[in-house]
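Taking it in order: structure first as structure tokens, then the write-up.
The values are calculated or read from the model by the stated rules, or taken from the named source; none is laboratory data. Small disclaimer: the values here were computed from a predicted structure and weren't measured. Please note: Cβ atoms are built from the backbone with ideal geometry, for glycine as well, and neighbour counts cover all protein chains shown. Note: areas computed on protein heavy atoms with side chains; ligands, DNA, RNA excluded. Shrake-Rupley method; radii C 1.70, N 1.55, O 1.52, S 1.80 Å.
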Amino acid sequence: MAIREIVKLGDEVLRTKAKEVTKFDESLGVLIDDMFDTMFKADGVGLAAPQVGILRRICVVCVDGVTKYELVNPEILKFGGIQRGAEGCLSCPGRSGIVARPKKMTVKAQDRTGESKLYKVDGFTAVAFSHEIDHLDGVLFVDKIEREDE
Ligand code: NI
């Protein structure tokens, strides 16, 4: 268990497409635990591996402080509807604004053991899934902001 340093806007790693995870070993579990610790310490609700400098397709989400999602090689199978809400990002301190996201999403992802799981999420969890999965392709919420807070 360790807190990792969060990479900030301007670092090229945040703009690079992350690679698929192919090795489900102990170090993957350590990384996922570290990502949760780092996210909770920073009062975030989601974190993607590129934000800790690792270009692999991994993200963690926990919007209610209870339900912890670990998404390895996530794939969006379906999405629908639109919701707009205020967002921020641990890699973009001091910036926030309104972003449009899918209202509902069905996502397939592996866990740390490589087991495939299906998640049907909506509301703020869908926002967090969408935001974190974007990070894996080098997309940041500031690219999608419709109205930025001053
Ligand atoms: Ni973010």
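Filter segment 17-50 down to the residues that are in contact with a Leu (Cβ under 6 Å, 6 or more places away or on another chain) and in a loop (DSSP other than H, G, I, E, B), then identify the one that is farthest from F124 (Cα to Cα). This residue is A18. Filtering segment 71-95 to residues that are assigned to a strand (DSSP E or B) and within 16 Å of the ligand (Cβ to nearest atom) leaves L71, P74, G85, A86, E87.
Name every residue in segment 104-127 that is open to solvent by 30 Å² or more (accessible area, probe 1.4 Å), without any contact (Cβ under 8 Å) to a residue 40 or more places away in the chain and in contact with a Leu (Cβ under 7 Å, 6 or more places away or on another chain), in order of residue number. Selection gives K108 alone. In the condition set (1) free of Cβ contacts under 8 Å to residues at least 40 places away in the same chain; (2) surrounded by 15 or more Cβ atoms within 10 Å (Cβ to Cβ); (3) closer than 25 Å to E150 by Cα; (4) away from the ligand (no atom under 14 Å from the Cβ), R101 is compliant with all but (4). Among the residues of segment 19-51, those that are surrounded by 14 or more Cβ atoms within 10 Å (Cβ to Cβ), away from the ligand (no atom under 13 Å from the Cβ) and not aromatic (F, W, Y) comprise V21, L28, G29, L31, I32, D33, D34, D37. Here's a check for you: in segment 128-142, which residue that is open to solvent by 20 Å² or more (accessible area, probe 1.4 Å) and not acidic (D, E) is farthest from R15 (Cα to Cα)? Only one residue tops the list, namely V142.
Looking only at residues that are of a type in the set (S, T, N, Q) and over 17 Å from D34 (Cα atoms) in segment 57-87, which one is least open to solvent (accessible area, probe 1.4 Å)? The extreme case among them is N73. Of all residues in segment 52-97, those satisfying the criterion of being more than 23 Å from F40 (Cα to Cα) and of a type outside the set (S, T, N, Q) are E75, I76, L77, K78, F79, G80, G81, I82, R84.
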